[in-house]
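Only one structure is covered here, and it is reproduced in the block below.
The values are calculated or read from the model by the stated rules, or taken from the named source; none is laboratory data. Note that this is a predicted model, so its numbers are computed, not measured. Note: ideal-geometry Cβ built from the backbone for every residue, glycine included; neighbour counts use all protein chains shown. In case anyone asks, the SASA skips ligands and DNA or RNA and just uses the protein heavy atoms, side chains included. Shrake-Rupley method; radii C 1.70, N 1.55, O 1.52, S 1.80 Å.
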Amino acid sequence: MKQKSFYNKSLSFLTIVTLVLLSACGAKTAGAPTNGGTAAPGGTSAAQSSSAAATPSTASKEKVVVNIGIQGKTGVLNFAREKGYFEKAFQAAGAEVKWNEFASGPPHFEAIAAGRLDFGATGGTPLISGQVGGVDFKGIAVTSDGKKGNMIIVPKNSPIKELKDLKGKKVAVAKGSSAYNFLYMAIDKAGLKGDDVKVIQLQPDEARPALDSGAIDAWSIWEPYATTAVYQTGATILVTGENLNINAPSFLIARTKFTQEHPDLTVLFLKTYEEARKYYVDHQDEIADELSKSQKLDKAIVVDVLKNTFPILSSITPEFAKAHQEQADFLQSVGAINKKLDTSQILESKFIDQALKK
């Protein structure tokens, strides 16, 4: 295939992640467990509305510790943690919540492989690397179609006006991120050859100064970094997943053994997430106020970020399953992973279907 040489020029992030995951059982988890939270705002709590999901046997046994992974500063899980949704719900079910902080999606799977994480939320690309690495997990619900969250941006007054103009240009991207796969799919859609674009591996805190100084010509990145750069420096959005009709779903993930041993708590996790999500989407102005203050950002930036990362909670529909399979097929076709995956093996909707029943 025409892009194979491009991917073979640098070792795929998925290969690296796979090696990490395969040795994760003997490794220390990357997550830092923390506790805390305050009362959930308004309405009936998940502990009250979902108490039927917890069986008497759960409460009668030794208290179960539920480890939940979290990343970034925005989103439903961050909001739920701040307001204590899960603490309330799981306390009523005789379980304890511990939070584990991660810098990105891939380390979630290292922690799952080590048995130190039960639930989390990541983009679809880390699920692919986790499956390649043989991690025993399930994608149990969809939280986003991924169309608006990833973008390619260019500096103010850039001569780059469309994707084909990236030929010969330096494009920064964080290896292993959802933006990494998005960049490659965008390149493919533009009909560029493998070595037409100079991909520079940079983490967000490195890429932003490089963009501002002109050291790079473009940046493939996710929210809130994209919108922040647009507002603060006059950068321009070249293309989004929505422009390219790239459906790249994000997922809630779970450790398989936990779901087998505690199906009631798995359903409770999803019910509680949905309760927090509903408040989050119904009170966007309030959320924007809180985030703009806590993150010291202009409220207009936060409002746009919230629009671009609008959360859903959905069963894994045939459309979402197909989109996830297509991502894995694409990565395999260009040599980024070394085997064909059947992604349906790690997608399981029975818990979310039960949680969303009226």
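Residues that are without any contact (Cβ under 8 Å) to a residue 12 or more places away in the chain and open to solvent by 30 Å² or more (accessible area, probe 1.4 Å): does segment 165-188 have at least one? Yes: one or more hits.
In this structure, does residue 265 turn out to be more than 19 Å from the chain's Cα centre (by Cα), buried (at least 23 other Cβ atoms within 10 Å of the Cβ) and either more than 24 Å from residue 302 (Cβ to Cβ) or without any contact (Cβ under 8 Å) to a residue 12 or more places away in the chain (or both)? Answer is yes for this residue.
Only one of 337, 352 is farther than 18 Å from residue 248 by Cβ, among the β-branched types (Val, Ile, Thr) and touching a helix residue (DSSP H, G or I) at 6+ places or on another chain (Cβ under 7 Å). Can you tell me which? Selected residue: 352, the only one of 337, 352 that is farther than 18 Å from residue 248 by Cβ, among the β-branched types (Val, Ile, Thr) and touching a helix residue (DSSP H, G or I) at 6+ places or on another chain (Cβ under 7 Å). Here the helices (runs of 4 or more DSSP H) wholly within segment 242-358 that include at least 2 residues being farther than 19 Å from residue 82 by Cβ are 256-261, 263-282, 299-308, 318-333, 350-355. Of the set (1) farther than 18 Å from residue 252 by Cα; (2) within 18 Å of the chain's Cα centre (by Cα), all apply to residue 280 but (1). Suppose we keep only residues that are within 17 Å of residue 97 (Cβ to Cβ) and acidic (Asp, Glu) within segment 268-298. Which one would you say is surrounded by the fewest Cβ atoms within 10 Å (Cβ to Cβ)? Restricting to residues being within 17 Å of residue 97 (Cβ to Cβ) and acidic (Asp, Glu), the top hit is 274. It is to be established whether one or more residues within segment 215-225 are surrounded by fewer than 19 Cβ atoms within 10 Å (Cβ to Cβ) and under 24 Å from the mean Cα position of the chain (by Cα). Within segment 215-225, not a single residue is surrounded by fewer than 19 Cβ atoms within 10 Å (Cβ to Cβ) and under 24 Å from the mean Cα position of the chain (by Cα).
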